[in-house]
């Protein structure tokens, strides 16, 4: 009886110990985007949330109040470090200014992954998942040159960029367009120092439709004969078109852009944007969550795509006017792949 009672007691204690053992804590992660309302970042957030739910990652999301709101991103990074997050996914509003804080996170054992926009230098983060923004620019530049044919030699081009502080994504797309169009870049790490007379205007948009409208108005004041417009993104392109239409100059002006959101692709189908380079924010975010989960499991860190200093999530030219020698798909296919 005593042995039987002792065995029963030990079994009960063992069962109690199992029941009392705390469940394994979920992997903590943070997503910090530039804004909340931009469709690009909305889709990025959707991708991150869906993948986090699938993989059992505890995800917290943060965003700036507007594009360029560095202070909100700083506060979010500090919060994520203090909360013991295992990884941070960040679309930096300041590629250089946020480097010290990202380095602080890394020293605290946090995996830091930039989405869409790399730091300067990219090696300041553990990894970057992004579009090849230079290639995105090259595609729309090459397409615009092909569309103009012989007239490309006398083009008048307006560049509607992002910010005055020239963050890396802004520079890469702008300079890529020039490369594709056949314009000497001067310093490839700087916007606005080129000497080609075809470049008649640079202005900034903050990536918004209203910013695009105002920048286009400013450029038309400098040269009313502008016939090619490069824009940092599709909201800026929509604003540029509105400004051109307001003065009866929308016809005969090529507008090219980058993003590939559904509203932008619809503007390609409607003839407002001639061509756009489509990128894939959902893939960036879902890959980022997978990387954080892998890092939490065994310390594995993501690897760059071959020959690049980031992981390339792809880019596709969308246009309904295919150009010889420039690979593209039409807006119907673009609408199948778009976001927002």
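I'd like the FRET efficiency for residue 189 and residue 26, computed as 1/(1 + (r/R0)^6) with the beta carbon distance as r and R0 of 56 Å, rounded to 0.05. Don't skip to the answer; put the middle values down first.
Details: r = 41 Å, r/R0 = 0.73.
So, using R0 = 56 Å, E works out to roughly 0.85.
Running a GNM on the chain with Cα contacts under 10 Å, which residue among 225, 180, 325 ends up with the highest mean-square fluctuation?
325
7 Å from Cα along Cα→Cβ at both residue 303 and residue 330: what's the point-to-point distance in nm?
4.0
How big is D, in µm² s⁻¹, for segment 228-270 by Stokes-Einstein at 4 °C and 1.567 mPa s if Rh is the Kirkwood radius over C-alpha pairs?
Working: Rh = 10.4 Å.
Diffusion coefficient, whole number: 125 µm²/s.
Using alpha carbon coordinates only, what is the Rg to Rh ratio of segment 34-105, with Rh defined as the Kirkwood radius?
On the way: Rg = 12.3 Å, Rh = 12.8 Å.
Checking Rg against Rh, the ratio lands at 0.96.
Size of segment 172-325 along its principal axes in angstrom, Cα-based, largest extent first?
Per principal axis, max minus min of the Cα coordinates gives 60, 35, 33 Å.
Select one label from (i) 1.13; (ii) 1.08; (iii) 0.98: the one whose number is Rg/Rh (Cα atoms, Kirkwood Rh) as derived from the coordinates shown.
From the options (i) 1.13; (ii) 1.08; (iii) 0.98, the structure gives (i).
Treat each spin label as a single point 7 Å out from the Cα along the C-beta direction, and report the residue 165 to residue 83 distance in nm.
In this crude spin-label approximation the distance works out to 2.4 nm.
Tell me, 241, 62 in order of fewest to most beta-carbon neighbours within 10 Å?
62, 241
Could you work out the relative contact order of the chain? I mean the mean sequence separation of Cα pairs under 8 Å and 6+ apart, divided by the number of residues, in percent.
Values: 729 pairs, mean separation 60.9, N = 340.
Relative contact order for the chain comes out at 18 percent.
With the chain treated as a Gaussian network of Cα nodes joined by springs under 10 Å, which of 37, 274, 288 yields the largest mean-square fluctuation?
The residue that fluctuates most here is 37.
When the Cα atoms of segment 188-262 are enclosed in a convex hull and the volume is divided per residue, what value in Å³ results?
Details: hull volume 7.5 nm³, N = 75.
Enclosed volume per residue, from the Cα hull, is 100 Å³.
Once you wrap a convex hull around the alpha carbon atoms of segment 98-211, what is its projected area averaged over all directions, in nm²? The partial results should precede the final answer.
On the way: hull surface 31.4 nm².
If I average the Cα hull's projected area over directions, I get 7.9 nm².
So, by mean Cβ neighbours within 10 angstrom, what's the order for 242-252, 209-219, 299-309 with the highest one leading?
Numbers: 242-252: 13.8, 209-219: 22.2, 299-309: 11.5.
Going by the mean number of other Cβ atoms within 10 Å, highest first, we get 209-219, 242-252, 299-309.
When a/c reaches 1.5 or more, the comparison of a/b and b/c decides; with that in mind, is segment 275-340 rounded, prolate or oblate per its Cα gyration tensor? Walk me through the numbers on the way to the answer.
Values: a/c = 5.25, a/b = 2.14, b/c = 2.45.
Note, shape of segment 275-340 comes out oblate.
Taking the Cα centre of each part, how many Å lie between segment 41-80 and segment 222-250?
Computed from Cα coordinates, the inter-centre distance equals 32 Å.
If the viscosity is 0.692 mPa s and the temperature 37 °C, what Stokes-Einstein diffusion coefficient in µm²/s follows for segment 49-166 when Rh is the Kirkwood radius over Cα pairs?
In µm²/s, the coefficient is 198.
If packing is taken as the mean number of other Cβ atoms within 10 Å per residue, what is the order of 163-171, 137-145, highest first? Intermediate values should be presented prior to the final figure.
On the way: 163-171: 19.7, 137-145: 26.2.
Most protected by this proxy first, the peptides run 137-145, 163-171.
Dividing the Cα convex hull volume of segment 179-219 by residue count, how many Å³ per residue is that?
Numbers: hull volume 3.7 nm³, N = 41.
Considering the Cα atoms of segment 179-219, their hull volume per residue is 89 Å³.
Each reported figure results from applying straightforward, stated rules to the coordinates on display, with no laboratory input. Quick caveat, the model's predicted, so the values are computed rather than measured. So basically every Cβ, Gly included, is an ideal-geometry build from the backbone, and we count neighbours across all protein chains shown.
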